[in-house]
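Dumping the structure here so I can ask a few things about it.
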Amino acid sequence: MKLAYFYVTEQGKQLSEQIQKVLGGTCYGKENLKENIGMAMKEYEGIVFVMATGIVIRMIAPYIVHKTKDPAIVVLDQKGEYCISLLSGHLGGANELAKQVAHITKGRPVITTATDVEQVLAFDVFAKEHQMAIENIEQLKYISSALLQKKIVQVVCEREEIKEVLKQAPVQFVDKITEEHGVVISPYVSKEWGDRTVSMDEKMTEKSREQHILYLRPKVITVGIGCKKNRDKTGVKEALESLLREENLSPLSLKQLTTIPRKEKEEAVQYLLKEYQIPLNIQTETSIQQLDLEQIGIAQSAFVHQTVGVTSVSTACAYLSSNGGKILVDKRKFQGFTLSLSMDTKFVC
């Protein structure tokens, strides 16, 4: 986590530097305080303030955006006795940061999120820890509230390894959500997961008929790409979205893009990386040559072999980058480029 520290007293400086030695980061004093805080709210993942909570609230208020975007904010007194998780406790990681800082200062972490206080499963933390995207975070509060009230929360999940992680949680595994609260953990988007039967009594109010379903998208889809030299980005995103729709897959489940070294800097490749904010996984021609493409069932091309020295680029790269995963789309041809999709068959939680 990229950290910044702010202090306004000499004792605060000493404490900031003590924490910095352990966790790393950059310290800022009271000079240009307002401007530096504005910068830090945009550029740092976590910020530790050694000053009064009131000052911090007034300073950061103009820069607060949303729980999915705000940095982790931790506030502590200049003796380091109390380390308060103030903002982005779960998704931003402020709760964990407060614990780390408290350990260094031999102080006490102050955490007020209900799920932590009651030691109840927090699905936003679960999603972050296990590389899942939250599709509709506005539903999270209903699921957390249900868990706190010990209501039934049903979970649809097709992957046994994820179920294993959740088996100690107070949830009910089902094929379809029939209760008021549910969580769907799947890269697939077209299935009808919810099907609640409403009684006549429940029809009395609109609120009682509402079903709250939280969708978590595991990042398990690898996109392989091959393209002609100097192929521009036109149509690349549209083509990928078309493939995802055909396979009923959520774009939020994209894990990475992959290709061979000579295609790394191509405009089409760089465009997809930027649009979907995913990493690039490069596979060498040597690694591809070591594959038995015929046995795996990957389509081959003599033209591609003449051009780059291997008979498959997009699919072979997708297969390798997904650790021998399931090939969903084998080399779909478009104007000047090809795309392939592969899914991790082993999702490590």
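The values are calculated or read from the model by the stated rules, or taken from the named source; none is laboratory data. Quantities reported herein were computed from a predicted structural model and do not represent experimental measurements. Glycine gets a Cβ as well: all are built from the backbone with ideal geometry, and neighbour counts include every protein chain shown. Each accessible area value is taken on the protein alone, full model and side chains, heavy atoms only, with ligands, DNA and RNA left out. Shrake-Rupley method; radii C 1.70, N 1.55, O 1.52, S 1.80 Å.
Of all residues in the stretch 208-238, which are over 30 Å from Val171 (Cα atoms) and surrounded by fewer than 18 Cβ atoms within 10 Å (Cβ to Cβ)?
Result: Lys228, Lys229, Asn230, Asp232, Lys233, Thr234, Gly235, Lys237, Glu238.
Considering only residues that are open to solvent by 40 Å² or more (accessible area, probe 1.4 Å) and in contact with a helix residue (DSSP H, G or I) (Cβ under 6 Å, 6 or more places away or on another chain), which ones fall in the stretch 292-301? Explain how you work it out, then say what you get.
In the first step, residues of the stretch 292-301 are kept if they are open to solvent by 40 Å² or more (accessible area, probe 1.4 Å); the result is 292, 294-297, 299-300.
Once the filter is applied, which keeps residues that are open to solvent by 40 Å² or more (accessible area, probe 1.4 Å) and in contact with a helix residue (DSSP H, G or I) (Cβ under 6 Å, 6 or more places away or on another chain), the stretch 292-301 yields only Gln300.
Under 30 Å from Phe126 (Cα atoms), of a type in the set (Phe, Trp, Tyr), modelled with pLDDT of 95 or more and in contact with a Ser or Thr (Cβ under 7 Å, 6 or more places away or on another chain): is that true of Tyr5 in this structure?
Details: under 30 Å from Phe126 (Cα atoms): yes; of a type in the set (Phe, Trp, Tyr): yes; modelled with pLDDT of 95 or more: yes; in contact with a Ser or Thr (Cβ under 7 Å, 6 or more places away or on another chain): yes.
Answer is yes for this residue.
Turning to a different aspect of this structure: Please work out which one of (1) modelled with pLDDT of 90 or more; (2) out of contact with any Gly (no Cβ under 6 Å at 6 or more places or on another chain) is the condition Ser314 fails and give its number.
That leaves (2) as the condition not met.
Separate question: Among what's in the stretch 47-71 and is touching a Phe, Trp or Tyr at 6+ places or on another chain (Cβ under 9 Å) and under 27 Å from Leu140 (Cβ atoms), pick the residue that is surrounded by the most Cβ atoms within 10 Å (Cβ to Cβ). Step through it out loud before you land on a result.
We begin by selecting, within the stretch 47-71, every residue touching a Phe, Trp or Tyr at 6+ places or on another chain (Cβ under 9 Å); these are 47-51, 55-56, 59-60, 70-71.
If we keep only those that are under 27 Å from Leu140 (Cβ atoms) as well, we get 47-49, 56, 60, 70-71.
On the way: Ile47: 30, Val48: 28, Phe49: 27, Val56: 21, Ile60: 21, Asp70: 18, Pro71: 27.
Step by step, filter the stretch 47-71, then rank; the result is Ile47.
Any residue in the stretch 86-106 that is within 16 Å of Val117 (Cβ to Cβ) sitting within a Cβ distance under 7 Å of a residue that is of a type in the set (Ser, Thr, Tyr) and open to solvent by less than 20 Å² (accessible area, probe 1.4 Å)? List the pairs, counting only those 6 or more apart or interchain.
Listed by first residue and then by second, the contacts come to Ala94/Ser85; Ala94/Ser88; Asn95/Ser85; Ala98/Ser85.
Please work out which residue is surrounded by the fewest Cβ atoms within 10 Å (Cβ to Cβ), limiting yourself to the stretch 302-336 and to residues that are of a type outside the set (A, V, I, L, M, F, W, C), touching a Lys or Arg at 6+ places or on another chain (Cβ under 8 Å) and farther than 20 Å from Pro279 by Cα.
Checked the stretch 302-336; the qualifying residue surrounded by the fewest Cβ atoms within 10 Å (Cβ to Cβ) is Gly336.
Do we find a residue being touching a residue at least 24 places away in the same chain (Cβ under 8 Å) and farther than 18 Å from Pro218 by Cβ anywhere in the stretch 121-140?
Checked against the condition, which is being touching a residue at least 24 places away in the same chain (Cβ under 8 Å) and farther than 18 Å from Pro218 by Cβ, the stretch 121-140 yields no hits at all.
Confirm whether Glu81 is without any contact (Cβ under 8 Å) to a residue 12 or more places away in the chain, of a type in the set (D, E, K, R) and either in contact with a Phe, Trp or Tyr (Cβ under 6 Å, 6 or more places away or on another chain) or over 27 Å from Phe126 (Cβ atoms) (or both). If you could, list the steps in order and put the result at the bottom.
Details: without any contact (Cβ under 8 Å) to a residue 12 or more places away in the chain: no; of a type in the set (D, E, K, R): yes; either in contact with a Phe, Trp or Tyr (Cβ under 6 Å, 6 or more places away or on another chain) or over 27 Å from Phe126 (Cβ atoms) (or both): yes.
So Glu81 does not fit the description; no.
Checking Phe173 against (1) more than 19 Å from the chain's Cα centre (by Cα); (2) crowded, with 18+ Cβ neighbours inside 10 Å; (3) among the aromatic types (Phe, Trp, Tyr): exactly one of these is not met. Which one?
Going through (1) more than 19 Å from the chain's Cα centre (by Cα); (2) crowded, with 18+ Cβ neighbours inside 10 Å; (3) among the aromatic types (Phe, Trp, Tyr) one by one, Phe173 breaks only (2).
Right, another one. I'd like the full set of residues that are in contact (Cβ under 8 Å) with a residue 12 or more places away in the chain, more than 18 Å from Leu15 (Cβ to Cβ) and over 26 Å from the mean Cα position of the chain (by Cα), limited to the stretch 58-78.
Residue satisfying the conditions is Met59 alone.
Is it the case that some residue within the stretch 276-288 is free of Cβ contacts under 8 Å to residues at least 24 places away in the same chain and part of a helix (DSSP H, G or I)? Outline the logic, then answer.
Filtering the stretch 276-288 down to residues free of Cβ contacts under 8 Å to residues at least 24 places away in the same chain leaves 277, 279, 286.
Retained after the next criterion (residues that are part of a helix (DSSP H, G or I)): 286.
Yes, the conditions are met somewhere in the stretch 276-288.
Look at Ser340 and say whether it is touching a residue at least 24 places away in the same chain (Cβ under 8 Å), assigned to a loop (DSSP other than H, G, I, E, B) and crowded, with 17+ Cβ neighbours inside 10 Å. I'd like the intermediate steps shown before the answer.
Details: touching a residue at least 24 places away in the same chain (Cβ under 8 Å): yes; assigned to a loop (DSSP other than H, G, I, E, B): no; crowded, with 17+ Cβ neighbours inside 10 Å: yes.
Against the criterion (touching a residue at least 24 places away in the same chain (Cβ under 8 Å), assigned to a loop (DSSP other than H, G, I, E, B) and crowded, with 17+ Cβ neighbours inside 10 Å), Ser340 does not qualify.
In a loop (DSSP other than H, G, I, E, B) and over 15 Å from Tyr7 (Cα atoms) - does that describe any residue in the stretch 49-63?
Filtering the stretch 49-63 for residues in a loop (DSSP other than H, G, I, E, B) gives 51-52.
Restricting the remaining residues to those that are over 15 Å from Tyr7 (Cα atoms) gives none.
For the stretch 49-63, residues in a loop (DSSP other than H, G, I, E, B) and over 15 Å from Tyr7 (Cα atoms): absent.
Of all residues in the stretch 7-46 being under 24 Å from Lys67 (Cβ atoms) and in contact with a Lys or Arg (Cβ under 8 Å, 6 or more places away or on another chain), which is surrounded by the fewest Cβ atoms within 10 Å (Cβ to Cβ)?
The qualifying residue surrounded by the fewest Cβ atoms within 10 Å (Cβ to Cβ) is Glu43.
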